[in-house]
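Okay, so here's the structure we're looking at.
The values are calculated or read from the model by the stated rules, or taken from the named source; none is laboratory data. Note that the structure is predicted; figures quoted are calculated from it, not measured. Cβ sites come from the backbone with ideal geometry, for glycine too, and all protein chains shown count toward neighbours. Ligands, DNA and RNA are stripped out before the accessible areas are found, and what is left, the full protein with its side chains, is counted by its heavy atoms. Shrake-Rupley method; radii C 1.70, N 1.55, O 1.52, S 1.80 Å.
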Amino acid sequence: MAAVSVSKDSLESDSDIHITLEDQQKINRFARQNAKWEELRDDLKHKKGDLQNLEDASDDLLLVEDESAPIPFVVGEVFVHFNMEEAKEKLEEAKSKVKKDIESIEAECANVKSIMSDLKTQLYAKFGNSINLEAEEE
């Protein structure tokens, strides 16, 4: 998560820099957008994991020798048995939905990043080195 901080020492030594209500609102908006971006990144990571699991399941279906055997498929919190063709259809539907979700999350991430970049430019232009909007090292 990005640290948003304004150094009081540097502000007091430079009498030209004052934090206005508008500046504080920009800092707060940046912090909210950063939190949203972090959450979207986590969602994206989980969706990509879900997609990988669905692709693995599709690959596993290719290894099934008895195509007449019922295939267990998770629906909610229960397993429902489908025949081979129905299971393949359900997997393809699930993969398609997850791919759409990933595209949507990626688009929203790009939008949030754009807003953050604009705010970062404005805040650094006013505060320079007196403010830190960079991500902390983990």
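The sum of -39500 (n - 2.57) across all DSSP H runs of n ≥ 4, divided by the residue count of the chain, sets its helix-only mean residue ellipticity at 222 nm to -24000 deg cm²/dmol. Structure note, pairs K26/K97; K45/K88; K48/K126: Cα-Cα distances above 32 angstrom occur for K26/K97; K48/K126.
Considering only N83, S130, L63, whose Cα is most displaced toward the positive end of the charge dipole of the chain, charges sitting on Cβ of Lys, Arg (+1) and Asp, Glu (-1)? Farthest towards the positive end: S130.
Taking all protein chains into account, the per residue accessible area for region 21-125 stands at 68 Å² (1.4 Å probe). Compared with the dominant principal axis of the Cα atoms in the chain, helix 84-127 is inclined by about 0°. Sorting the Cα pairs of the chain by distance into bins of 10 Å, from 0 upward, gives 10, 28, 19, 14, 13, 9, 5, 1 percent per bin. Here the accessible area of the chain is 49 percent carbon and sulfur, with a 1.4 angstrom probe and all protein chains present. Multiplying the residue separation of E65 and V78 by 0.36 nm and removing their Cα-Cα distance gives an extension gain of 2.3 nm.
Taking the chain as the reference, fit the longest principal axis to its C-alpha atoms, fit the long axis of helix 21-62 to the helix C-alpha atoms, and give the angle between the two in degrees, 0 to 90, nearest 10. Approximately 20 degrees, to the nearest 10.
The length gained by stretching the chain between D101 and L21 to full extension, at 0.36 nm per residue less their Cα-Cα distance, is 25.1 nm. Taking Lys and Arg as +1 and Asp and Glu as -1, the other residues whose beta-carbon sits under 13 Å from that of E85 total -3.
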